[in-house]
Amino acid sequence: MAELKALIFDVDGTLADTERDGHRVAFNEVFKQEGLDWHWDDALYHQLLAVTGGKERMLYYLQKFNQEWAFDGDESALKQFLAELHAKKTVHYVKLLEQGKIPLRCGVRRLLQEARDQGLRLAIATTTTPRNVTALLEHTLGIESIDWFEVIAAGEMVKKKKPAADVFTLALELLQLPASACVALEDSVNGVISARDAGIKHILVTQNDYTAGQDFSDATLVLDQLGDPGSPATRLAGVDWQGDMLHVQDLIALNRQVNASA
Ligand code: XBP
Ligand code: MG
């Protein structure tokens, strides 16, 4: 039976609540800067999150929520326009991170430290732009933390973004580990599907405001957060779990349980 060897983290919504005060704000800033009358309020953004990836999300917005907007060009010109807009959005987003506007979620720093202390390997499987990941790590945990993660698998490195399995499959390949030796840490149903379809059976969800109510029936355990001293985690669904904080020892025990029942 494969013992737990690595933790594979999603970024947006899992390591940090990056969407509402990060990506959404950066999108709106770039729309304004470029003279577009598009504005994504919180309710609209919640709906737009159905589609992962910033470029794909803008296209979805135009197709579903802003069909009146006219673009003078064919589909490939539109995609080029959105790609340029997206590159500018990344600049705004990284600025927000540099200003320290986006902290890590409760318990993330603690769990990463525990994992490192216990010799577990760390990886990332994310949809977001690699620059966004390194900037988040640098401005929360310090620049050296980028090297804590042996693997950073990102949406742009694969054919299909989440919910497709590609990015988790790539993370497993780069780690050279079987799925049974890894836990995926996610916040959304798209991420759970991606991990599941990559063959990962051990999936821990820490849900957030945007993902509450999604179908997490494929997750092993669903919590509201990882928990820290004075900020306990609450179990919401999945296997039995008791405690105030999710520890590496819990993940090791859960991995055995998941593999034994597979
Ligand atoms: C995250 C995303 C990302 C961000 C924006 O999904 O969907 O698209 O919203 O990042 P997940 P980019 O957490 O499932 O990986 O604008 O760089 O694409
Ligand atoms: Mg996420």
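The values are calculated or read from the model by the stated rules, or taken from the named source; none is laboratory data. Here the structure is a predicted model, which means the values were calculated and not measured. Reconstructed Cβ throughout: ideal geometry from the backbone, glycine too, with neighbour counts over all protein chains shown. Remember, those area values only see protein heavy atoms, side chains included, never the ligands or the DNA or RNA. Shrake-Rupley method; radii C 1.70, N 1.55, O 1.52, S 1.80 Å.
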Suppose every Lys and Arg Cβ carries +1 and every Asp and Glu Cβ carries -1, with no other charges. What dipole size does the chain come out with about its Cα centre, to the nearest 20 debye? 340
Angle in degrees between helix 75-98 and the longest Cα principal axis of the chain, rounded to the nearest 10: 60
Of Lys95/Lys161; Lys95/Lys159; Lys64/Lys161; Lys162/Lys201; Lys32/Lys88; Lys32/Lys89, pairs whose Cα-Cα distance is over 22 Å: Lys95/Lys161; Lys95/Lys159
Got a number for the accessible area of Glu56? Probe 1.4 Å, square angstrom, nearest 10. 70
Just from the alpha-carbon atoms, what are the Rg and Dmax of the chain in angstroms? 18.4, 58
What length, rounded to one decimal in nm, is gained on full extension from Glu173 through to Glu75, with 0.36 nm per residue of separation minus their alpha-carbon distance? 31.9 nm
Tell me what the chain gives for mean residue ellipticity at 222 nm when only DSSP H runs of n ≥ 4 count, each as -39,500 (n - 2.57), the sum divided by the residue total, rounded to 500 deg cm²/dmol. -12500 deg cm²/dmol
Report, largest value first, the span of the C-alpha coordinates of segment 131-181 along each principal axis, in whole Å. 29, 23, 13
If you plug each phi of segment 235-243 into the Karplus form 6.51 cos²θ - 1.76 cosθ + 1.60 with θ = phi - 60°, what whole-Hz ³J(HN,Hα) values come out, in order, with x for Gly and Pro? 6, 10, 6, x, 5, 4, 7, 10, x
For Arg109, Arg131, give me the order by solvent-accessible area with a 1.4 Å probe, most accessible first, ignoring ligands, DNA and RNA. Arg109, Arg131
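Top to bottom by accessible area (1.4 Å), largest first, where do His202, His46, His92, His39 land?
His39, His46, His92, His202
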Accessible area, probe 1.4 Å, largest first, for residues Asp187, Asp215, Asp42: Asp215, Asp42, Asp187
With the contact rule set at Cα under 8 Å and sequence spacing of 6 or more, what percent relative contact order holds for the chain? 23
Amide H neighbours of Arg121 under 5 Å, counting only residues 5+ apart in sequence or on other chains, H built in-plane at 1.01 Å? Ala6, Leu7
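Report in % the part of the accessible area of segment 1-137 that belongs to carbon and sulfur, leaving out ligands and nucleic acids; probe 1.4 Å.
Values: 3090 of 6200 Å².
Taking all protein chains in place, segment 1-137 shows 50 percent carbon and sulfur surface.
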Report the accessible area of Phe81, computed with a 1.4 Å probe over the heavy atoms of all protein chains in place, in Å² rounded to the nearest 10. 60
How many Å² of accessible area per residue for segment 19-98, probe 1.4 Å? 53
Please report the relative contact order for segment 19-98, taking Cα pairs under 8 Å with a sequence separation of at least 6, and give it as a percent rounded to a whole number. 44
Can you give the angle from 0 to 90° between the axis of helix 108-117 and the longest principal axis of the chain, with both taken from C-alpha atoms, to the nearest 10? 50
Overall Cα dimensions of segment 19-98, principal axis frame, Å, largest first: 36, 24, 21
